[in-house]
Amino acid sequence: MTADEALARLIEGNRRFAANRAIHPNTSENRRLEVRDLQRPFAIILGCADSRVPPEIVFDCGLGDLFVVRTAGHVVDKIVLASLQFGVVGIGVPLLVVLGHTRCGAVKTAVNAVCGEVRIEPAMQSLVEKVRPAVEKSQGQADDWLDSAVRMNVELTVRRLQRAKLLSQAIKQGGLRIVGAYYDLDTGVAEVICEAKQPG
């Protein structure tokens, strides 16, 4: 499956989900047995850990379809990056989607921290610092600062991933496409909002 075909499949699944017409594919016992020895997911999803945005459900996918990595605010550290690179280089997945969403709690915490409205616990500090650049860059750009910051966080994450050596090489060789998407908790619709550029 090409990256374009993978993205089209994700969009189609999401439209079914948003229209309450999900078919819940690849969830049978036969599918479980089919993928027990080898996985061939068609897309990688780097998503937020928020319980309201489970990728397999919002994209109407099943067992073995998606390689999913989730952290609060979809922040990237060395382990997350290594996991994503394994999906691309080790498994050969052609599409990587960074998935943000409305009313993201991690981004809201960072917005409140920048405003000085809350005291950030030490355990949360590293998370806030990862999201802070998106919050500061989006300040004053729109009436809804949180929404703007969520979208900027997606875009900056895509930019960071496209600079990673192995991912950059995969993009250049035509074996990978990285896109950023924004999921609306109200409508259930995920829309593509940005894409990594070809290096060089």
Would you compute, from DSSP H runs of 4+ residues alone, the mean residue ellipticity of the chain at 222 nm, taking -39500 (n - 2.57) per run and dividing by the full residue count, rounded to the nearest 500?
-> -13500 deg cm²/dmol
Taking +1 at the Cβ of each Lys and Arg and -1 at the Cβ of each Asp and Glu, which of Leu81, Ala49, Cys194 sits farthest along the dipole of the chain towards its positive end, judged by Cα position relative to the Cα centre?
-> Leu81
Counting other Cβ atoms within 10 Å of each Cβ, which trypsin sites (Lys or Arg not before Pro) in segment 67-107 have at most 16 and sit in a DSSP loop?
-> Arg103
Charge sum, other residues only, whose C-beta stays under 12 Å from Asp144's C-beta, Lys/Arg counted +1 and Asp/Glu -1 = +1
Using only the Cα atoms of the chain, construct the convex hull and provide its projected area averaged over every direction, in square nanometres to one decimal.
-> 12.0 nm²
Which value in nm describes the separation of the simple spin-label points at Arg52 and Cys115, placed 7 Å from the Cα toward the beta carbon?
-> 1.7 nm
Dipole size in debye (nearest 20) for the chain around its Cα centre, Lys and Arg Cβ +1, Asp and Glu Cβ -1?
-> 560 debye
Among Cys115, Cys194, which comes first, then next, by fewest other beta-carbon atoms within 10 Å?
-> Cys115, Cys194
Assuming R0 = 22 Å, can you tell me the calculated FRET efficiency for the pair Glu5 and Asn30, based on Cβ-Cβ distance, to the nearest 0.05?
-> 0.40
With each label point set 7 Å from Cα along the Cα-Cβ vector, what nm distance links Leu38 and Gln141?
-> 4.3 nm
What's the exposure ranking of His24, His101, going from fewest to most Cβ atoms within 10 Å?
-> His24, His101
So what are the ³J(HN,Hα) numbers for segment 160-167, from phi and the Karplus equation (6.51, -1.76, 1.60; θ = phi - 60°), rounded to whole Hz, Gly and Pro as x?
-> 5, 5, 5, 8, 5, 3, 5, 5
Most fluctuating of Arg163, Arg36, Arg52 in the GNM of the chain (C-alpha, under 10 Å) is Arg36
For segment 1-68, convex hull of alpha carbons as volume per residue, Å³ | 93 Å³
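Laboratory data are not the source of any read-out in this text; all were calculated from the coordinates shown. This structure is a prediction, so every number in the text was calculated from the model and none was measured. Note: ideal-geometry Cβ built from the backbone for every residue, glycine included; neighbour counts use all protein chains shown.
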